[in-house]
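The values are calculated or read from the model by the stated rules, or taken from the named source; none is laboratory data. Because the structure is a prediction, the values reported are computed rather than measured. Methodologically, a virtual Cβ is constructed for each residue, glycine included, from the backbone with ideal geometry; neighbour enumeration extends over all protein chains shown.
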Amino acid sequence: MNTSVLAVGAWLKNAACLMLGGRAHWSPVHGDLSDPAACAALELSVQALVRQAADAGAPVQAIAHDLHPDFFSTQLAIATADVLGVPAIGVQHHHAHLAAVIAEHGITEPVVGLALDGVGLGTDNTPWGGELLWLDGAQWQRLGHLQPLALPGGDRAAREPWRMAASALHALGRGDEIVPRFGLAVGEAVAAGVHQMLDKGLNCPKTSSAGRWFDAAAGALGLCHHQRDEAQAAIALEQAAARALSAWPGMPSLPGAVVQSDGRIDLRPVLAQLFDVADSDVAAAGFHLALADALAEALIDVARERGIRVATLGGGCFFNRILRERTVHRLQAAGLQVFQTGAQGCGDAGLAIGQAWLAAQQLARPTTQPPVEETVPCA
């Protein structure tokens, strides 16, 4: 494919990528775009990559970006594309994560994949993050996802894992336990306010994010109520699980996960068990194994239905060694070939190559071919 496409990444751990002559040319990692210095660095990198393409005699033909309209990267992509007179192509966040794996490994056949992270805007304008997708060139479809949980307080819930645990209690019909369980740690008035928000559905958008399920588990076990650092709760949960698995390598997963016929992967029965355990390390391990097994089961079922032999894994949650190794083991045991991201990593720092690859696929598609399929069949 001789197209020249520039992609600008997303928001976290931003990096840009120029696909030129079938090769990827990366900018440095700029960091999170909440930092003005990172935004300025991205702008300089975009200018440099545009010049690089022009100097190579292959001017940029399109600029790919995340779907989120408020990201600086999105706004920069649209403005730069306008100046160059080329299309700006929006790419769904999790679609890009899995396309990055396809691009890095040169996969040419259809795949099914899991994209697991903290958040990314979905095609339905809701926050996604626990996604089961089918991809075939520019065509793709969302086939399943983690059961959505409410985010009481919106983005604040991502910084306070106890809120996600409270959300899980409410989803289990146990909302009356929120104040008794969390009032001492966060203040009874605050806990009561969150309970009321959940009851009334006020400022409680729902997300399928795997990262928020990890937060809910960590909050339920009392491992982390407030996060000072990114993924602090998930890391504490993984460390607890690692201690248990080191002492008991063959321990079973917690029972109760359900893969619904509409593609929803429901872990609420698993999470319910975390609120009343004597050993938080064992419970953390059981949760990890149950999550990995349920996700693998859903992917294996879809792969068999569609006759697909290749699975791809992407998104920052796969930095979690226990989740990654258990999922890969289950998929390989089912006869699937499993691919993961390479040197750029599974997080957002490696996202841009997926954006660029998908934009190139769209440019190469004949005008008579139907548009990219973005069907969302599951609730």
task = Look at Thr207 and say whether it is surrounded by fewer than 23 Cβ atoms within 10 Å (Cβ to Cβ) and under 22 Å from the mean Cα position of the chain (by Cα).
result = no
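Conditions tested, residue by residue: (1) assigned by TED's automatic domain parsing to the domain that holds Met197; (2) in contact (Cβ under 8 Å) with a residue 12 or more places away in the chain; (3) within 19 Å of Cys346 (Cβ to Cβ).
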| site | (1), (2), (3) |
| --- | --- |
| His97 | no, yes, yes |
| Val119 | yes, yes, yes |
| Gly130 | yes, yes, yes |
| Asp136 | yes, yes, no |
| Pro152 | yes, yes, no |
note = Picked from region 28-84 (must be under 12 Å from Ser4 (Cβ atoms) and among the polar types (S, T, N, Q)), the residue surrounded by the fewest Cβ atoms within 10 Å (Cβ to Cβ) is Gln52
Flag for Val8 being touching a residue at least 60 places away in the same chain (Cβ under 8 Å) and either in the same structural domain as Arg365 (by TED's automatic domain parsing) or of a type in the set (Lys, Arg) (or both) = yes
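Can you give me the number of residues within region 285-317 that are in contact with a strand residue (DSSP E or B) (Cβ under 8 Å, 6 or more places away or on another chain), surrounded by 24 or more Cβ atoms within 10 Å (Cβ to Cβ) and part of a helix (DSSP H, G or I)?
First pass over region 285-317, keeping only residues in contact with a strand residue (DSSP E or B) (Cβ under 8 Å, 6 or more places away or on another chain): 294-295, 297-299, 301-303, 306, 308-317.
When the remaining residues are screened for being surrounded by 24 or more Cβ atoms within 10 Å (Cβ to Cβ), the result is 295, 299, 311-317.
Adding the requirement that they be part of a helix (DSSP H, G or I) leaves 295, 299, 316-317.
Of the residues in that region, 4 qualify.
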note = Filter region 111-128 for residues that are within 15 Å of Phe318 (Cα to Cα) and not aliphatic (A, V, I, L, M); the one that is nearest to the chain's Cα centre (by Cα) is Asp117
request  = Return the total of residues in region 139-165 being surrounded by fewer than 22 Cβ atoms within 10 Å (Cβ to Cβ) and of a type in the set (D, E, K, R).
outcome  = 3
request  = Please state which of the following conditions Pro249 fails to meet, knowing it meets all the rest: (1) assigned to a loop (DSSP other than H, G, I, E, B); (2) in contact (Cβ under 8 Å) with a residue 12 or more places away in the chain.
outcome  = (2)
remark   = Residues of region 254-269 being touching a His at 6+ places or on another chain (Cβ under 8 Å) and either closer than 19 Å to His170 by Cα or hydroxyl-bearing (Ser, Thr, Tyr) (or both), in sequence order, are Arg264, Ile265
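Regarding Ala241, is this residue in contact with a Gly (Cβ under 9 Å, 6 or more places away or on another chain), in contact (Cβ under 8 Å) with a residue 12 or more places away in the chain, in the same structural domain as Leu116 (by TED's automatic domain parsing) and buried (at least 23 other Cβ atoms within 10 Å of the Cβ)? Working first, answer last.
Values: in contact with a Gly (Cβ under 9 Å, 6 or more places away or on another chain): yes; in contact (Cβ under 8 Å) with a residue 12 or more places away in the chain: yes; in the same structural domain as Leu116 (by TED's automatic domain parsing): yes; buried (at least 23 other Cβ atoms within 10 Å of the Cβ): yes.
Yes: the conditions hold for Ala241.
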remark   = Filtering region 76-95 down to residues that are under 17 Å from Leu351 (Cβ atoms) and free of Cβ contacts under 8 Å to residues at least 60 places away in the same chain yields Ala88, Gly90
key: Single match in Gly137, Gly90, Gly113, Gly85 (criterion: modelled with pLDDT under 95 and over 30 Å from Gly173 (Cβ atoms))   = Gly137
ask   = Would you say Ala40 is out of contact with any strand residue (DSSP E or B) (no Cβ under 9 Å at 6 or more places or on another chain) and at pLDDT 95 or above?
value = yes
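Give, as residue ranges, the strands (runs of 3 or more DSSP E) completely inside region 1-68 that count at least 1 residues that are under 22 Å from Glu230 (Cα atoms) and in contact with a helix residue (DSSP H, G or I) (Cβ under 6 Å, 6 or more places away or on another chain).
Details: elements: 4-7, 17-20, 23-26, 62-66.
The strands (runs of 3 or more DSSP E) meeting that bar are 62-66.
In region 166-196, how many are under 26 Å from the mean Cα position of the chain (by Cα) and buried (at least 22 other Cβ atoms within 10 Å of the Cβ)? Lay out the reasoning, then the answer.
First pass over region 166-196, keeping only residues under 26 Å from the mean Cα position of the chain (by Cα): 166-172, 194.
Okay, now just the ones that are also buried (at least 22 other Cβ atoms within 10 Å of the Cβ), so 166-170, 194.
So the answer is 6.
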ask   = Which helices (runs of 4 or more DSSP H) does region 155-226 wholly contain that include 3 or more residues that are at pLDDT 95 or above, farther than 17 Å from Gly129 by Cα and among the charged types (D, E, K, R)?
value = 188-200
query = In region 270-284, which residues are among the small types (Gly, Ala, Ser) and surrounded by 16 or more Cβ atoms within 10 Å (Cβ to Cβ)?
reply = Ala272, Ser280, Ala283, Ala284
